[in-house]
Amino acid sequence: MSQPVDPNSFRTGPDEAGHFGIFGGRYVAETLMPLILDLEKAYNDAKADPAFAAELTELNARYTGRPSPLYFAERLTEHLGGAKIYFKRDELNHTGSHKINNCLGQILLARRMGKTRIIAETGAGQHGVAAATVAARFGLPCVVYMGRTDVERQSPNVFRMRLLGAEIVPVTAGAGTLKDAMNEALRDWVTNVSDTYYLIGTAAGPHPYPELVRDFQSVIGNETKEQIVAAEGRLPDLIVACVGGGSNAIGLFHPFLDDSDVAIVGVEAGGEGLQGDQHCASLSAGRPGVLHGNRTYLLQDGDGQILEGHSISAGLDYPGIGPEHSWLKEIGRVEYVPATDEEAMEAFQMITRFEGIIPALEPAHAFAEVIKRAPKMDPDQIIVMNLCGRGDKDVFTVGKVLGVEL
Amino acid sequence: MSRIDTRFAQLRSENRAGLVTFVTAGDPDAETSLAILKALPEAGADVIEMGMPFSDPMADGPAIQLAGQRALSSGQTMAKTLDMVRRFRDGDDQTPLVLMGYYNPIYIYGVDKFLDDAVAAGVDGLIIVDIPPEADEELCIPAVHRGLNFIRLATPTTDDKRLPTVLNNTSGFVYYVSITGITGAAAPNPDEVAASVARIKAKTDLPVAVGFGVKTAGQAAAIAAAADGVVVGSALVSAIAGSLDDDGRAGPATVGAVTDLVRDLAAGIRGAANGSAA
């Protein structure tokens with residue numbers, strides 16, 4: 001469990017066994033262990049193959065529409081009266097969120113490994129849609145596990161996935177949300193080991209998933225760095241992203257980790273507040289444990305049973321968090337804070353009204369923190385927030401909260 | 001010699017395979033669960049596996065997942081599970097008892113405290129599904145140092161190259177998972193199982209027990225011909241489930257539902273010729 005210690009860098013993890021400090025690792029059943037080791041080897045080979053990177057870059061450009069713009073939110077900046085606010089517009093990607101970045105990388109890896117069947121889990125449905133999309137694009141059958149509760153509250157995405165040819169399996173176990181969908185996807189994988197590739201949706205799970213998902217999502221931070229330097233001639237003072245499993249956040253954060261003048265904040269789902277159990281703030285209110293193949297912060301009771309989280313945003317409704325975030329919290333490089341459902345709703349409406357952008361409820365959580373911080377900063381300071389998804393999928397949820405029948 | 005070693009030596013001398021029964025601690029409630037536990041040896045269980053319930057049993061099928069949910073909703077905790085073992089040991093000093101489950105509840109209880117309390121309660125071995133040999137220093141080594149057997153799962157995906165890694169630090173017996181899949185799924189093919197058991201036995205002197213998917217006395221007998229032990233779990237917890245009233249409470253038939261099936265399975269195994277002759 002030795003982290004390669006380089007006091008000059010926060011970007012060297014994970015170690016060979018997949019650890020970020022004490023976090024991460026490979027806690028899986030023996031049936032999956034050989035598969036995980038195969039995947040690690042395939043990913044290392046792919047990383048060393050320039051043709052792999054070239055194909056991914058080409059798909060990112062022509063299929064997804066990368067680079068996504070870095071947009072100066074002028075009216076919000078004026079309204080909040082402090083730091084300049086930029087949005088990294090990953091909601092403009094094909095399929096409407098950052099999830100496609102990871103899915104394209106992983107489907108190329110699946111093809112490289114000769115796998116012929118794709119499985120995925122999804123919460124809000126954004127990852128499921130992205131997985132179904134790349135499966136359609138590469139002509140592979142795709143099964144998406146989705147909690148029953150999420151199937152009900154994200155029906156537009158369920159229909160999108162079906163249109164794309166994916167089979168949706170509603171998961172009734174537990175509370176029928178993202179963690180239950182992940183359990184079910186792991187059960188499928190254990191059963192169909194020879195032909196199936198598990199296309200995991202966030203920077204969590206057993207090594208090497210947290211590393212490879214981070215690498216595929218790091219296109220967000222790498223582009224942001226170039227774009228902000230082009231726009232402002234310097235790096236931002238603060239970067240902000242929402243964290244559920246944490247893939248969009250690690251994608252934005254990772255390229256900036258060694259830039260010590262850049263403050264970094266991750267925003268968790270505070271739900272109805274951290275005083276009760278109706279939230280999903282695993283870093284702010286959980287403690288380290290082992291679930292879904294890795295050691296990380298988890299929402300759990302005193303006996304080690306995993307709790308069901310709550311958030312208005314299905315995409316943040318996961319009681320764990322990617323292990324690299326747990327490590328970044330422990331060493332203090334990144335600050336993690338909660339935003340409540342109510343704050344996220346306010347932020348959602350503010351972005352919509354002032355910028356004409358309907359954001360997903362997930363990045364609305366990130367913006368809730370921007371609302372708190374921007375006014376306290378100087379006008380010559382710069383914030384970049386990852387606007388990681390668009391809000392089309394959330395209009396029904398928002399309508400319900402606002403008392404509008406759709 | 002551990003209780004597990006002694007029991008498998010005894011089974012060898014009787015030239016038969018052993019019946020390894022799995023039930024979940026606290027299913028459907030603590031009192032009934034203890035009554036089931038106490039009744040198992042007399043009904044024909046040679047080795048007892050007791051599941052430590054976990055909210056997210058990723059390697060288990062619906063039957064064992066539901067058993068865990070019943071146990072947790074009736075208030076089962078790790079402390080109560082260890083207490084059950086203690087009370088079982090008061091009346092039975094012979095039957096090996098193995099705790100099976102997932103790592104997180106142990107991690108949260110505290111590894112050292114858990115191992116100390118498990119030894120004190122009379123636990124003989126551990127099967128922890130999500131701790132691979134690559135993480136041995138975390139739980140396996142400290143368990144072995146305290147004299148507990150650490151029983152590892154070998155699976156159809158464990159190839160000859162990896163098998164020594166899996167067998168290293170394994171003691172008591174090897175648990176061969178007969179299918180790629182979850183507990184209680186498709187029945188294993190006895191011929192394939194025989195070949196796999198032989199493959200494992202070429203690399204170790206430990207007894208090999210086979211589980212996942214064994215539901216009937218006939219299947220148990222077929223597996224018993226090739227292995228040193230047959231593990232049955234999902235069928236037993238399903239028998240518990242089938243005996244509950246409409247509110248999910250244990251009835252007068254609950255303990256008997258389990259022991260009847262165990263008797264049936266034990267008769268099947270005892271009727272089978274033991275081909276493994278370990």
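For the protein assembly as shown, DSSP calls about 20 percent of its internal beta bridges antiparallel. Can you work out the PRE-style zone for B:ASP205? Point 7 Å along Cα to Cβ, and I want the residues of region B:1-22 with backbone N under 17 Å. B:1-13, by backbone N distance to the label point.
Extents of region A:187-326, largest first, come to 50, 45, 24 Å (Cα atoms, principal axes, whole angstrom). For region A:1-98, the spherically averaged projection of the C-alpha convex hull amounts to 10.6 nm².
FRET efficiency for the pair A:PHE138 and B:VAL111, taken as 1/(1 + (r/R0)^6) with r the Cβ-Cβ distance and R0 = 56 Å, rounds to 0.80. Near A:GLU268, the amide H atoms lying under 5 Å from its own belong to A:VAL243, A:VAL337, A:ALA339; only residues 5 or more places off or on other chains count, and H is placed 1.01 Å from N.
Within region A:31-178, antiparallel bridges make up roughly 25 percent of the DSSP beta bridges whose residues both belong there.
Within chain A, no helix built from a complete DSSP H run reaches 27 Å or longer along its own axis (Cα positions) while carrying a mean Kyte-Doolittle hydropathy of 1.6 or higher. For the set A:LYS99/A:LYS179; A:LYS99/A:LYS393; A:LYS88/A:LYS179, the pairs lying more than 20 angstrom apart at their alpha carbons are A:LYS88/A:LYS179.
Note on chain B: Cα convex hull, mean projected area over all directions, 12.7 nm². For A:ASN60, neighbours were defined as the other residues whose beta-carbon sits under 11 Å from its Cβ, and their charges (Lys and Arg +1, Asp and Glu -1) total -1. Computed on region A:124-233, with alpha-carbon pairs under 8 angstrom and 6+ residues apart, the relative contact order is 21 percent. So which trypsin sites (Lys or Arg not before Pro) in region A:302-406 end up in coil per DSSP with only 16 or fewer other C-beta atoms within 10 Å? Sites meeting the loop and neighbour criteria: A:ARG333. The trypsin sites (Lys or Arg not before Pro) of region B:210-278 meeting both criteria, a DSSP state outside H, G, I, E and B (loop) and at most 15 other C-beta atoms within 10 angstrom of the site's C-beta, are B:ARG249. Spherically averaged projected area of the convex hull of Cα atoms, region B:151-255: 7.6 nm².
Rounded to the nearest angstrom and listed largest first, the equivalent-ellipsoid semi-axes of the protein assembly as shown from its Cα gyration tensor are 48, 25, 23.
DSSP bridge analysis restricted to chain A gives an antiparallel fraction near 30%, rounded to the nearest 5. How do B:PHE22, A:PHE159 rank when sorted from fewest to most other Cβ atoms within 10 Å of their own Cβ? Arranged by neighbour count, lowest to highest, B:PHE22, A:PHE159 become A:PHE159, B:PHE22. What share of Cα pairs, in percent, lie more than 32 angstrom apart in chain A? Percentage above 32 Å: 27.
Straight-line cross-link reach from A:LYS47 at under 18 Å between alpha-carbon atoms covers these aspartates and glutamates, not counting any fewer than eight positions away in the same chain: A:ASP15, A:GLU16, A:ASP38, A:GLU55, A:GLU58, A:GLU211, A:ASP215. The calculated FRET efficiency for A:ALA61 paired with B:ALA186, based on their beta-carbon distance and R0 = 45 Å, is about 0.50. Electrostatic bookkeeping for B:ALA257 treats Lys and Arg as +1 and Asp and Glu as -1; over the other residues with beta carbon under 15 Å from its beta carbon, the sum is -1.
Diffusion coefficient (Stokes-Einstein, Kirkwood radius over C-alpha pairs, 20 °C, 1.002 mPa s) for region A:111-223: 151 µm²/s, rounded to a whole number.
Counting only GluC sites (Glu not before Pro) that DSSP places in a loop and that have at most 15 other Cβ atoms within 10 Å, the longest clean stretch of chain A runs over A:17-271. Relative contact order for chain B: 24 percent, from Cα pairs under 8 Å spaced at least 6 residues apart, divided by residue count. What aspartates and glutamates could a cross-link reach from B:LYS113, if we take a straight Cα to Cα line under 15 Å and drop same-chain neighbours fewer than 8 places away? Result set, ordered by chain and number: A:ASP303, B:ASP83, B:GLU138. Under the criterion of Cα pairs below 8 Å and six or more residues apart, the relative contact order for region A:298-347 equals 26 percent.
Kirkwood analysis of region B:180-223, using all unique Cα-Cα pairs, places the hydrodynamic radius at 11.2 Å. Figure legend: label point modelled 7 angstrom from the Cα of A:GLU272 along Cα→Cβ; residues of region A:372-402 with amide N under 17 Å from it are A:401-402.
Throughout, read-outs are computed from the coordinates displayed, never taken from laboratory work. All of these numbers come straight from a predicted model, not from anything done at the bench. Every residue, glycine among them, receives a Cβ derived from its backbone with ideal geometry; neighbour counts consider all protein chains shown.
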